[in-house]
Amino acid sequence: MIIMQTEVIDHIKFGILRSDDAKRLSVVKLTVPDTYNEDGYPIDGGLLDQRMGVIDPGLICKTCGARAKSCPGHFGRIELVRPVIHSEFSKIIYMILQSTCRVCHRLMLSDEHIAEYRSVLPKLEESVEGDLEPQGAESEKGFSGSAAMLKRLKNMKKCERCKASKGKFKFSAPTYFYVDDYKLKPDEIRDLLSKISNEDLAVLGIDGAVSRPEWVILSVLLVPPVNVRPSITLESGERSEDDLTHKLVDIMRINLRLDQNLNAGAPQIIIDDLWELLQYHVTTYFNNETASIPPARHRSGRALKTLAQRLKGKEGRFRYNLSGKRVNYSARTVISVDPNIDLDEVGVPIDIASKLTVPFYVTLWNLEKAKELLARTEYPMVINVISKDGKRKRVIDTNREELLKGLQVGDILERQLMDGDITLFNRQPSLHRVSIMSHKAKVLVGKTFRMNYCVTAPYNADFDGDEMNLHVPQSLESQSEARNLMSPQFQIFSPRDGDVIISNNEDGITGMYLLTKDDSYLTKEQAVYLLSIAGIYELPKASKGDLYKGRDVFSMLLPKDLDFDGVSGKAPFVIRKGRLVEGVVTKDTYGRGNNRLMVKIGKDFGYEELKRFIFTTAKVADAFVTLMGVTVGVREYTTSKRLEEERVKILEDTFRKINKLIDDYRNRKLEPLIGYTLRQSLERMIIAELNIVRDKAGETLLKYETEENAAVEMTRSGSRGSTLNIEQMTMFLGQQATLSGGRIKRGYYTNRVLPHIVPGDIAPGARGFVATCYYSGLAPKDLFMHAVGSRSSEVYKALLTARSGYLYRRLSNALQDFYVTDDYSVRDTNNNMIETVYGGDIINPVYTQFEKMDKES
Amino acid sequence: MFMARDKVDKKYAVEYGEPVGIIAAQSVGEPGTQMILRSFHLAGIESTISTSGLPRIIELVDAKKKPSTPITYIYLDERIGKSFDRAQEVLKKVNEVRMSNIAKRVLENFSKGKIKVILDVQELQSENLTARQVASRIEKELGKVDATVEEGGIIINMHTKNLKDIRAASIKIMKALVSGVDGAGKATIRKDDRTGEFYLVSGGSNIEGVMAVDGVDKERTTTNDVFAIYRLFGIEAARNALGNELKRTLKEQKISVEDRHLFLIADAMTASGTIKGVGRHGLSGEKKSVFARAAYEETLKHLIHAAAYGEVDPMKGVTENILVGKQIPIGTGSVKLAIKKEDLAKIKPKDAKKE
């Protein structure tokens, strides 16, 4: 079977529907402004006429004879007794009326002038302020009604051809046109528009062949099929019609009344009133948010959702249904950890695996296997059989034999998801490409998706209840692409800066850190246990009696022949011939900044090896942490007596310095910073001083805390927590900031933040410096200060997520068409060149760190 | 600077069809969410008070005509930069001082046809000006008037009692430039801690005017106002300025993004020869495809326009192909099969049993 796309949408041309075409397109002329009769049966010639299709599952469409499911729906029409203007086109009508002569019906410019505009394609002007862009839509002919020409036409008083005066045109939204204070009726406008030649329209940029301007004056209104505006039956048995149907009923009612009045020879004023009412209804039928007219409302007072509202905005047809589509073959559930699952695997619950299907293409070569599969009655079994002609049949116990007999080459079996099938795994918000990666399915018991914690970083996932989505690619091409491009091992390096995104973290780092410390020795049992976890069945040389050095055990996980020089903290980190000679593993040695162990392995040994390295080290580290036991308790954050003394000393020191600054300022002895006033200088100096004290506290903390403190060890290894975290728990919180980034200063009009403070005080404590810590508890005043800071950052966060989301949407929309062509230039899909050489060096951003490493060596 | 295909080290080269635009957008968009959480940092001594972080990125990418906090870094000629006093002299020439900065009040005496300007002595001193200088400046500004310095201020004899003229003059006086460069903004001296050199920082962006001042190093003087650079140096310079500003802003937030992404954005914004924003009035609003524009923003406007003018959607971009359910023409979708439709019919599947 060859699946191949042979017919392709090449381009789409837009135009306006003519009334004649509307007549031809429709299957029924609607005459009755109602929906159902007393028996609850659709009225013939009413708005739910069965010739326009059916929505009740039992009924048959009177036009095509199909049932609701397969009937595409057919258009009906309302023939308006008086024409009305399509209000959305008003501005364009106005533009055309202003540009053409009412007497000779030509464009008011003479041929010479037109030629002038035609020849002088808008040039780029020198000034930035002016409009540098060629304005107006580009027509097929490559000439557009330029802004300058339109402006000139607008201001012309006389026709250049027949010298007739233009008259005073006025347009009043949405559909009123006046000339010399006479209100033009729609049919009069139509007459004017229809006399303009296609050539003249072309000058304005309009393609007369598909969109004659007079066609926007409607005398036939196309009524969408019933399945576009389905009515729903409420629980009470009451029928509720779609907003569009309501609006169409309104239009038909007025149309009928206008017809009756015309036939009865009613006075002109009544006719005009009804005509205008008809215009109003048609206008709101197209767009119920038309400016300067009140929106049509439902009985309940809710504004009706008419055609324009269906298309518009985030929940409109375009963004909700067309740019983003709902899909089959997908699943969603909670995620949880499993360090035994490889980076490129995902644990799929059996319940989900038995619902999701993968196509199995039956060929001559696998016919036997296909039959075997189809015969199965439990778990990896076939759910559907899609026969050659595209009919899908569900496999049930009663028809299995029959299907088995009829199975032939070209059929497709839909079998349940099995181990090793490729799936796409995704977590929202999908902010970058690694938010969707391919994982091989691993069917497991349980109800959650299981994943390795090393791949949480690209998804920005954690296991506090996060849910993720799983998709099963169906075509062979997509499966192949998923396998060969989207697998996590290909995504270890970020295209953003070439740095590592998928890496070991958390306990994986803590374990490696503890394992590779200088005094880390393992017994034989321990070493064997750890290495067996990594699937390694040989031991390194014992180094201290029958004890094994932690580093030697770690070295077994490294690729053979790896040579690497880096730093670990301030000490060197050296690997020779696949053996860690010196140094302790921390998060930084793994791959951050200038320590590119991961880059080195990836570059010299490939992605598969790198993946294996991350996976095995994480697994071994976990086992080691379990073996050793690492606990973080309150003890870790308890203030010791020594530390408390140190804290008081540091703070006293700083406060003394700041008090001196303030004294100097008051006595005008302070030397101002260049470029700042005295007051600003003081503020900046105080802030600088408060920044210093925080760093100093961090240093003291590390100095006084021993290796017994697990929290500090975690910080040192880089696996979790920072000195700031510990510092805030055991020493003091430090300065609380506000939105502006400065110290807190507002609050009371007496120039103080809280009523406990002397007005005008600018000492640290009075302006949001919190000298107490979480462990010993915040002082009442400090609690308020802390709340100010917290609230401030919460508000800030809310404001900026919205802003950054919109920024991303705009950026991706503007840049999405760019790609690298085969001459390494960047072009958009219309072949406009954006860059001559991508990035100046054509280097794939994923490999920037590789390239840097190459250059350095 | 085209690169011949075979001359390139292909080891790390991008592949054909790589959607570099999307990658660039994601590289800037994704850390945008991280920028938020950094409200904790406190300004150090050196950083200037200017728009930074996400608001600044948005401002740049929107191609705003004026930055909300224009800043010009005015570097001085080598010898001048060494000495504080000489730098001060240049500062005086650059620093924009208007009457409203140094005048406390302006009193109009309509019956006598006179205007009295009361000067703020302290401000006057700090700007190193004398009342006499100010008075002559006013005379120059207004033309046929006499300005005399008196106790506490300057009396201006208008030689007319026309109310309108006097009021107009007093408004003109308040706006008048007393010293410095028009549009240069308030300038201050800074010292580069590394080199010990003095330079000026001003809160305006008239680099054209500033560069005309003697002693200013034209090569190094720069501004954060991209449009000012565009006006003076042209589009290529603007492209560099735009890229560098993006780079600087992200670096300030400690977000590492490869330069190529930032400069791709800058290139996209400047490829047409003028600076265009990325939003609905810029790149996105000028796409060829009707559907792409309709799916982005202002759906109705674009559809109506397309219908009225008989526009054609070439169906070449990403969005429009997603809309109709076709494969997108970039990345792996940019590869096409080079075989004619007619020839396809000739292909007969081989009998498997023969093999």
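At R0 = 35 Å, how high is the FRET efficiency between B:Asp193 and A:Lys541 if r is their beta carbon distance? Nearest 0.05 is fine.
0.05
For segment B:213-314, what are the per-bin percents of Cα-Cα distances with bins 10 Å wide, up to the bin holding the maximum?
Final binned percentages: 14, 32, 27, 19, 6, 2, 0.
For a bin width of 20 Å, list the pair-distance distribution of the protein assembly as shown built from all Cα-Cα distances, rounded to whole %.
With 20 Å bins starting at 0, P(r) equals 8, 26, 34, 23, 7, 1.
In chain A, what cysteines have no partner Cβ closer than 4.7 Å?
Within chain A, the cysteines lacking a partner Cβ under 4.7 Å are A:Cys64, A:Cys454, A:Cys773.
Equivalent ellipsoid semi-axes for segment A:330-491, as square roots of 5 times the alpha carbon gyration tensor eigenvalues: give them largest first, rounded to whole Å.
That gives 32, 16, 12 Å for the three semi-axes.
Percentage of Cα-Cα pair distances in segment A:717-857 greater than 24 Å, rounded to whole percent?
Here the long-distance tail beyond 24 Å is 60 percent of all Cα pairs in segment A:717-857.
For segment B:97-179, what percent of Cα pairs sit more than 17 Å apart?
Considering segment B:97-179, 36 percent of its Cα-Cα pairs are separated by more than 17 Å.
What distance in nm separates the simple spin-label points at A:Trp365 and A:Ser640, each placed 7 Å from Cα in the Cβ direction?
7.0 nm
For a quick check: sort A:His281, A:His432 by the number of other beta carbons within 10 angstrom, fewest at the front.
Result, fewest neighbours first: A:His281, A:His432.
Report, as a whole number in µm² per second, the diffusion coefficient that Stokes-Einstein gives for chain B at 4 °C and 1.567 mPa s using the Kirkwood radius over alpha carbon pairs.
Value of D from the Cα-based Kirkwood radius: 50 µm²/s.
Listed here are the pairs A:Lys603/A:Lys852; A:Lys314/B:Lys288; B:Lys92/B:Lys116; A:Lys560/A:Lys603; A:Lys13/A:Lys312; A:Lys166/B:Lys301; which of them are more than 19 Å apart at the Cα?
A:Lys314/B:Lys288; B:Lys92/B:Lys116; A:Lys13/A:Lys312; A:Lys166/B:Lys301
Looking at chain B as a GNM with Cα springs under 10 Å, which of B:Phe84, B:Phe110, B:Phe263 has the largest mean-square fluctuation?
B:Phe110
Within segment A:330-491, how many lysine pairs that are 8 or more places apart, or on different chains, have C-alpha atoms less than 19 Å apart?
Here the count comes out as 13.
Using θ = phi - 60° and the Karplus curve 6.51 cos²θ - 1.76 cosθ + 1.60, what whole-Hz ³J(HN,Hα) does each residue of segment A:726-731 get, with Gly and Pro shown as x?
Values per residue, Gly and Pro as x: 5, 4, 5, 8, 9, 10 Hz.
Counting other C-beta atoms within 10 Å, which of A:Glu699, A:Glu713, A:Glu112 has the fewest, and how do the rest follow?
Listed from fewest to most nearby Cβ atoms, that is A:Glu112, A:Glu699, A:Glu713.
Take every residue in peptide A:161-172, count the Cβ atoms of other chains within 10 Å of its Cβ, and give the average of those counts.
0
What's the local net charge at B:Ala168, with K and R +1, D and E -1, over the other residues with C-beta under 13 Å away?
+1
Between A:Thr750 and A:Thr523, with labels modelled 7 Å along Cα→Cβ, what's the label distance in nm to one decimal, could you check?
Taking the simple label geometry, A:Thr750 and A:Thr523 are separated by 7.1 nm.
May I ask which of B:Lys66/B:Lys254; A:Lys587/A:Lys797; A:Lys570/A:Lys696 have a Cα-Cα span longer than 22 Å here?
Listed pairs above 22 Å: B:Lys66/B:Lys254; A:Lys587/A:Lys797.
Just B:Lys92, B:Lys301, B:Lys172 to compare: in a GNM of chain B, with alpha carbon springs under 10 Å, which one fluctuates most?
Of the options given, B:Lys301 has the highest mean-square fluctuation.
Springs between alpha-carbon pairs under 10 angstrom, Gaussian network model over chain B: which of B:Tyr16, B:Tyr309, B:Tyr296 fluctuates most?
Looking only at B:Tyr16, B:Tyr309, B:Tyr296, the biggest GNM fluctuation is shown by B:Tyr309.
What would the Debye equation give as log₁₀ I(q)/I(0) for segment B:119-257 at q = 0.18 Å⁻¹, counting only Cα atoms as equal point scatterers?
-1.09
Can you tell me, using C-alpha contacts under 8 Å and at least 6 residues apart, the relative contact order of segment A:634-785 as a whole percent?
Reported relative contact order: 23 percent.
Using helices alone, I'd like the mean residue ellipticity at 222 nm for chain B: each DSSP H run of four-plus residues gives -39500 (n - 2.57), total over residue count, nearest 500.
Rounded to the nearest 500, the figure is -12000 deg cm²/dmol.
Take every DSSP beta bridge whose two residues both sit in the protein assembly as shown, then give the antiparallel share in percent to the nearest 5.
That works out to approximately 90 percent antiparallel.
Rounded to the nearest 0.05, what FRET efficiency do A:Met381 and A:Val228 have when you use their Cβ-Cβ distance and R0 = 35 Å?
Working from the Cβ atoms, E equals 0.30.
Which semi-axis lengths, in whole Å and largest first, follow from the square roots of five times the eigenvalues of the Cα gyration tensor of segment A:132-281?
38, 24, 13
What aspartates and glutamates sit close enough to A:Lys168 to cross-link, taking a C-alpha to C-alpha distance under 12 Å and skipping anything fewer than 8 places away on the same chain?
Of all the aspartates and glutamates, those that pass the test against A:Lys168 - Cα under 12 Å, at least 8 places apart if same chain - are A:Asp180, A:Asp181.
Over the whole of A:86-93, what's the average partner chain Cβ count within 10 Å per residue? Rounded to a whole number, please.
Per residue, the average neighbour count from other chains is 3.
With 10 angstrom as the radius, rank A:Lys163, B:Lys276, B:Lys326 by how many other C-beta atoms surround their C-beta, starting from the fewest.
With the fewest neighbours first, A:Lys163, B:Lys276, B:Lys326 line up as A:Lys163, B:Lys326, B:Lys276.
In Å and on Cα atoms, what radius of gyration and Dmax does segment A:601-717 show?
23.5, 69
First check a/c for segment A:565-628, with a ≥ b ≥ c the square roots of the eigenvalues of its C-alpha gyration tensor; if it is under 1.5, answer rounded, and if not, answer prolate when a/b is larger than b/c or oblate otherwise.
Here segment A:565-628 falls in the oblate category.
Which value in Å does the Kirkwood hydrodynamic radius of segment B:146-226 take, with 1/r averaged over all unlike C-alpha pairs and then inverted?
16.1 Å
Relative contact order of segment B:206-353: what whole-number percent is it, with Cα pairs under 8 angstrom and at least 6 residues apart?
Relative contact order of segment B:206-353: 11 percent.
Compute the helix-to-body angle for B:131-142: its Cα long axis versus the longest principal axis of chain B, expressed 0 to 90° and rounded to tens.
On a 0 to 90 degree scale, this one is about 60.
Looking at segment A:507-628 from every direction and averaging, what is the projected area of its Cα convex hull in nm²?
Hull-based average projected area comes out at 6.7 nm².
At 0.36 nm per residue, minus the direct Cα-Cα distance, what do A:Asn321 and A:Tyr676 gain on full extension? Give it in nm, one decimal, please.
122.2 nm
Relative contact order (percent) for chain B, with alpha-carbon contacts under 8 angstrom and 6 or more residues of separation?
Value for chain B: 20 percent.
At B:Asn240 and A:Glu79, where each label point lies 7 Å from the Cα along Cα→Cβ, what is the point-to-point distance in nanometres?
About 7.2 nm, to one decimal.
Rg over Rh of segment B:287-334, using C-alpha atoms and the Kirkwood radius, what does it come to?
Value, to two decimals: 1.01.
In the calculated pair distance distribution of segment A:634-785, what percentage of Cα-Cα distances lie above 19 Å?
57 percent
Please say if segment A:406-522 is rounded, prolate or oblate, where rounded means a/c under 1.5 for a ≥ b ≥ c the square roots of the C-alpha gyration tensor eigenvalues, and otherwise the choice is prolate for a/b larger than b/c and oblate otherwise?
prolate
Divide by every residue of chain A the summed helix terms, -39500 (n - 2.57) for each DSSP H run of at least 4, and state the resulting mean residue ellipticity at 222 nm, rounded to the nearest 500 deg cm²/dmol.
Here the helix-only value at 222 nm equals -11000 deg cm²/dmol.
Only the coordinates and a few stated rules stand behind these numbers; no lab work does. What you are looking at is a predicted structure, and each value in this text was computed from that prediction instead of being measured. All Cβ positions, glycine included, derive from the backbone under ideal geometry; neighbour counts span all protein chains shown.
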